[in-house]
Amino acid sequence: MRRMTSSHITVYGIPNCDTVKKARAWLTSQGLAYDFHDFKKQGVPAAALPGWLAAVGRSKLLNRQGTTWRKLDPQTQAAVTDDLRASELMQAHASVIKRPVVEWRQGERTQITVGFDPVQWEALHTGAQPD
């Protein structure tokens, strides 16, 4: 197996989110350095949202199962009909973003993952193909 070289990992999320905690613990256990971007303290990076949406899609990035989404009024939920509206909502309510969002940069190439999937992450980390 080969390891990623000259890579940079950025984890976006909320520190007390259980999935983010698991993801960060996994990265640390693998000896992988990463930067953590705290949505609560640093906000959602507006410039990153179009790339995330293009890479993974609105249905994967927008967490319609979470408490924050369920607490939104029906009109607000119904207004999320395109990526622009989804971006606006994610800027206003960071907790509607499924977490963690991870940017895996290697040279000029960046891969975006959403959620924590150790098999997928191992493949990204080693350069192997997941089963």
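Only one of (1) part of a loop (DSSP other than H, G, I, E, B); (2) over 19 Å from F116 (Cβ atoms) fails for Q65. Which number is that? Q65 satisfies all of (1) part of a loop (DSSP other than H, G, I, E, B); (2) over 19 Å from F116 (Cβ atoms) except (2).
Does any residue of the stretch 63-78 turn out to be surrounded by 13 or more Cβ atoms within 10 Å (Cβ to Cβ), under 15 Å from Y12 (Cα atoms) and among the β-branched types (V, I, T)? No: zero hits. Report yes if L62 is closer than 18 Å to T110 by Cα, of a type outside the set (V, I, T), touching a helix residue (DSSP H, G or I) at 6+ places or on another chain (Cβ under 8 Å) and modelled with pLDDT of 95 or more, otherwise no. Taking the combined requirement at face value, the residue does not satisfy it.
Where residues in the stretch 40-62 are crowded, with 17+ Cβ neighbours inside 10 Å and touching a Lys or Arg at 6+ places or on another chain (Cβ under 8 Å), which of them is farthest from V114 (Cα to Cα)? It comes out as L62.
Against the definition (loosely packed, with under 14 Cβ neighbours inside 10 Å and either touching a residue at least 60 places away in the same chain (Cβ under 8 Å) or more than 16 Å from L124 (Cβ to Cβ) (or both)), how does A33 come out, yes or no?
Taking the combined requirement at face value, the residue does not satisfy it.
I'd like to check something: does the stretch 64-79 contain any residue that is under 28 Å from S7 (Cβ atoms) and not hydrophobic (A, V, I, L, M, F, W, C)? Within the stretch 64-79, not a single residue is under 28 Å from S7 (Cβ atoms) and not hydrophobic (A, V, I, L, M, F, W, C).
The values are calculated or read from the model by the stated rules, or taken from the named source; none is laboratory data. Since this is a predicted model, take the numbers as computed values, not measurements. Every residue, glycine among them, receives a Cβ derived from its backbone with ideal geometry; neighbour counts consider all protein chains shown.
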